[in-house]
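Undergrad: Following this message is one structure expressed as structure tokens.
The values are calculated or read from the model by the stated rules, or taken from the named source; none is laboratory data. Please read all numbers here as calculations on a predicted model, not as lab measurements. Quick reminder, even Gly has a Cβ in these numbers, built from the backbone with ideal geometry, and neighbours come from all protein chains shown.
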Amino acid sequence: MQIPDGLKALIDDGFIQEIIRPLKSGKEAAVFLVLVDGQVCAAKVYKQAHLRNFRQRQDYVEGRQAGNSRDQRAMDRGTRFGKQKREEAWQNAESDTMRKLHAAGVRVPRPHGNHDGILLMDLVTYADGQPAPQIAAGRFDRLAAVQFHRRIMQEIAKMLCAGVVHADLSEFNILEANDGPIIIDFPQAVDAARNNNAKRLLLRDVANVTRFFARFAAELRRTDYGNEMWLLNEQRLLKPDTALTGKFQAARGVVDANIVLQAIEDAKRDAAKREEVKRWREDKKKEASQKKAPVRAPGR
Ligand SMILES: Nc1ncnc2c1ncn2[C@@H]1O[C@H](COP(=O)(O)OP(=O)(O)O)[C@@H](O)[C@H]1O
Ligand SMILES: [Mg+2]
């Protein structure tokens, strides 16, 4: 992986002392291991806007406000200056969101700020001190899956309390650190109160994480933490440590599932019955034709 000039410039500027090695090139950014004041950190270098592929960007930026009205006007008009401002805003958003979430006690890497479009943050490490893997790479026994899932649901609730919906959460943006899950990758995060897509995106985040862990613990499919926390938050009852049950609408979910299962059973029974009647009719027909034309003995 080529070392971007912007990253080299951070050495000259004194923000980092050394570029150790590339860590990963993700879909939106390349991440490098760097040395900051003697500590190994992660440096996230964003891909150029045209190489990124957030398809419905408008969904995500809704509700965000520029620093001043001149920038906002330029962004709305899409002038060159406006595009540049929009890009800066996109890159700063991740650092700002992480700062806010870290202060709120959410398990995210501690951010060290955004310097010329490069986000510096603590490196998340696994038990052996190596960079932590994505949970997507993990195998979980049933109990571990349920426990991990519950911890992540609590982190999502904490984020919601801080007014943030991740909006791209999945097993690829959660790392398995030595002491549990850490959530990363926030440039698209949306404002829970201002963005009209916030509820849909929250439910999608919860569904993605639940789908992943349900591979190891099927009972998680019946949980509905998303609607539960959204409603509690709307009623101003959600606190970072609110004990969630995952049971909101679970009763309806179970009834719905039963209705669906019942319908499938009914359909199967009907099909079997039709098959039976058809076979019975065919047998009758065969019997009738055999009576009409009795089999003759050969030679007669
Ligand atoms: N602070 C960090 N500590 C350890 N690994 C990290 C850190 N930040 C990013 N990574 C690694 O880099 C990958 C890409 O980072 P991410 O922020 O998800 O960018 P992208 O938008 O490209 O997916 C992550 O999946 C993870 O493996
Ligand atoms: Mg990612």
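Undergrad: For region 87-140, how many residues meet the condition of being touching a helix residue (DSSP H, G or I) at 6+ places or on another chain (Cβ under 9 Å) and small (G, A, S)?
TA: Selection size over region 87-140: 8.
Undergrad: Still on this structure, please answer the following. For region 217-271, give me the residue count where each residue is part of a loop (DSSP other than H, G, I, E, B) and at pLDDT 75 or above.
TA: Count: 17.
Undergrad: Please work out which residue is farthest from ligand 2 (Cβ to nearest atom), limiting yourself to region 14-27 and to residues that are farther than 15 Å from Q2 by Cβ and in contact with a strand residue (DSSP E or B) (Cβ under 7 Å, 6 or more places away or on another chain).
TA: By that ranking, first place goes to Q17.
Undergrad: Could you say whether any residue in region 70-78 is touching a residue at least 60 places away in the same chain (Cβ under 8 Å), over 27 Å from the mean Cα position of the chain (by Cα) and either away from ligand 1 (no atom under 12 Å from the Cβ) or surrounded by 13 or more Cβ atoms within 10 Å (Cβ to Cβ) (or both)?
TA: no
Undergrad: Among the numbered conditions (1) part of a loop (DSSP other than H, G, I, E, B); (2) aromatic (F, W, Y); (3) surrounded by fewer than 23 Cβ atoms within 10 Å (Cβ to Cβ), tell me where F186 comes up short.
TA: It is condition (3) that F186 fails.
Undergrad: Among the numbered conditions (1) over 20 Å from the mean Cα position of the chain (by Cα); (2) surrounded by 11 or more Cβ atoms within 10 Å (Cβ to Cβ); (3) at pLDDT 85 or above, tell me where E282 comes up short.
TA: Just one mismatch for E282, condition (2).
Undergrad: Is there a residue being in contact with a Ser or Thr (Cβ under 9 Å, 6 or more places away or on another chain), within 16 Å of ligand 2 (Cβ to nearest atom), of a type in the set (A, V, I, L, M, F, W, C) and in the same structural domain as I152 (by TED's automatic domain parsing) anywhere in region 31-41?
TA: Yes: region 31-41 contains one or more residues that are in contact with a Ser or Thr (Cβ under 9 Å, 6 or more places away or on another chain), within 16 Å of ligand 2 (Cβ to nearest atom), of a type in the set (A, V, I, L, M, F, W, C) and in the same structural domain as I152 (by TED's automatic domain parsing).
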